Each structure stands twice: as C-alpha cells, then as structure tokens.
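Read the structure below first, then the notes.
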Amino acid sequence: MSNQTEPFSSALVDPLAETLAIQALHSGKLDPRHVLLRSIGQHGRSQTKDVHQVSTTYVPMEDIDLMVLTVRRDGLYDNLPEALFHEAGSSKEPKRNKAEDQHAASARSFFLPFEQETFRLRLALLEDELTTALGKKDKQRADALARIWDLPDDLDPRVRSAMLRLLPWLNRAECDLELGSSCFSFVIGHPVTLRLARTGPSELRDGFEAALGQSALGHCVAGACMDDGWPVVEVLVSELPLATLDDPMHRRALRRTLEVLSMYLLPAHLDVRYSFSVLEDDESATIGDPERPGILALNLRL
C-alpha cells in the first residue's frame, strides 16, 4: 500500500481489522469475498489490540484460501441477553451447561453471514475514506469526512488533512505513549515525545482549610492547588523553527492543533503540559525583544 494510506508501520500501531484487510486487498493477492471477520467479544480488550489473530483457512470445495480476522469486538450475538442461552445456576450442572454452550455456539454461527455483510460495508466505506476521498483533492468530500469525525472548523487545512488520514487508519492510541508520540509527530510535522510526569506536592497554607479538617474540600475552598494523584502527560515538541514560536498566529495554530490532538488521542482525565524546543541553529537567535535569547523558547508553555 502506498504512503497515502499508511502513515505508520503496522508493527507500531493498533490498526483496525478493516485496515489490515484493505492492505491485503491492495496487494492484489486477495479477493474481497475471501476475507472473513470473526468476533469473539471484548473480554480482555483492555490488554489487547483490535485484531486478536490473523489466520488462513483453506476451503477445498471452492479451492480458495480465506483470510480470517479474529477481532475482540462484540458481534450481533454478544448484544443479545445472556439469559437467552444460559439459565441462572446452570454452571453448576456440567451437562446442562455444555448443552447451553452448544446452543450459544449455534446462535453465534447463525449471525455470521449478517456480520460478514456489515463488515464488507465498513470495509468499502473505510477504503473510500483512505483512498478516493483523500487521494483526490475533493474539498466537499473532505468536508463531509471532517463532519463525520467531528473535527473543529478552525483547524489549519494541512492539519485537518493529516487528521483525516490518521483517524480512520488508527484503532486507538490512548494507552500507548510511543504510538501517541508517532501520531502527534505525523500531524504536527515535527518530532513529538509524550511522557508521564507527576505534579509536585502542594504547599497548603495554615488556617481556613485546617479548620475543615484538612479535607480536600477545604483545600479547594481555600484556593490551593492540590496534587490529585493523577499523572500529567507532558507533550514535548522538538526542532521547531524559531519563527513558529515568534509569530502569534503560528503559536495559536500550534496550540489549537495540540489541543485537538490531546482531545482525540489522550485520556480525558489526565492533565496535559506542553513544552517546546527550537532547532539547534536557532538557539542563539533572538525572539521578539533582541535582549531575549532564542534559548528562552526552550520549554516555552503556551
């Protein structure tokens, strides 16, 4: 597949099953009818990727090889009430429980054709997003995709284009700092590093909050800053041209881009701190006031 639709190496990211299928289809070695999706539910999903396993199954009657994508997603069967297949307390009766399991397996098989048709529709939609709409400079199609992904209207066109290439391709990045760094770098266009940092302990004044028993409520009422125990994600953008930090419009655009990326790619409950460093050649330059050396741009927080 061309770089147009593959911003990252597959070893680094957690791609959707549809993305892997599109890669195989673009290689010319596979027919769309020979891709099968099999859902096994979301048990253990927090520790695993979207695609649990990729395997090949030979169908002798048709003399074809099926590409089977086993994914940790809920299928149509998984959305049915559990009581339809397992009665309460049946786990204590092995024979009855085994019969119920066989019934459940038959029900899951019954839904496979319907799930497969839904998968093919998603496959066609994603391929259109990754190739047709983004390969052609079609503003109307790009605007439609931006509305689907709920992207803000005030994004720079280049940033929006990068986001439209990134979001359909990626399954998730919230729990992987290395992956998140690559995503930020891809959109920003400069090296970005994500790392966890804890806030320092707060110094609380004696007095009013002490009268409230040193409670968290007392600290908040007194206006003190507290460390709530959550780590802070530090986003370090490196090798920035000095002109980017010196120009107010560029600074605002960079700030907005970082805010949107943080909203889409970082857990909502974490605080984010942004730091910046300039190109090595710009460190001896000046920014704004001639008496302010460019080195002050290091760790500048917008």
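The values are calculated or read from the model by the stated rules, or taken from the named source; none is laboratory data. Just so it is clear, the model here is predicted, and its values are computed rather than measured.
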Exercise for the section: Just one of (1) more than 29 Å from the chain's Cα centre (by Cα); (2) modelled with pLDDT of 80 or more; (3) not hydroxyl-bearing (Ser, Thr, Tyr) trips up His34, so point out which. Expected result: (1)
Exercise for the section: Pull up segment 148-163, narrow it to residues that are outside any loop (DSSP other than H, G, I, E, B) and at pLDDT 80 or above, then point me to the one that is nearest to the chain's Cα centre (by Cα). Expected result: Met163
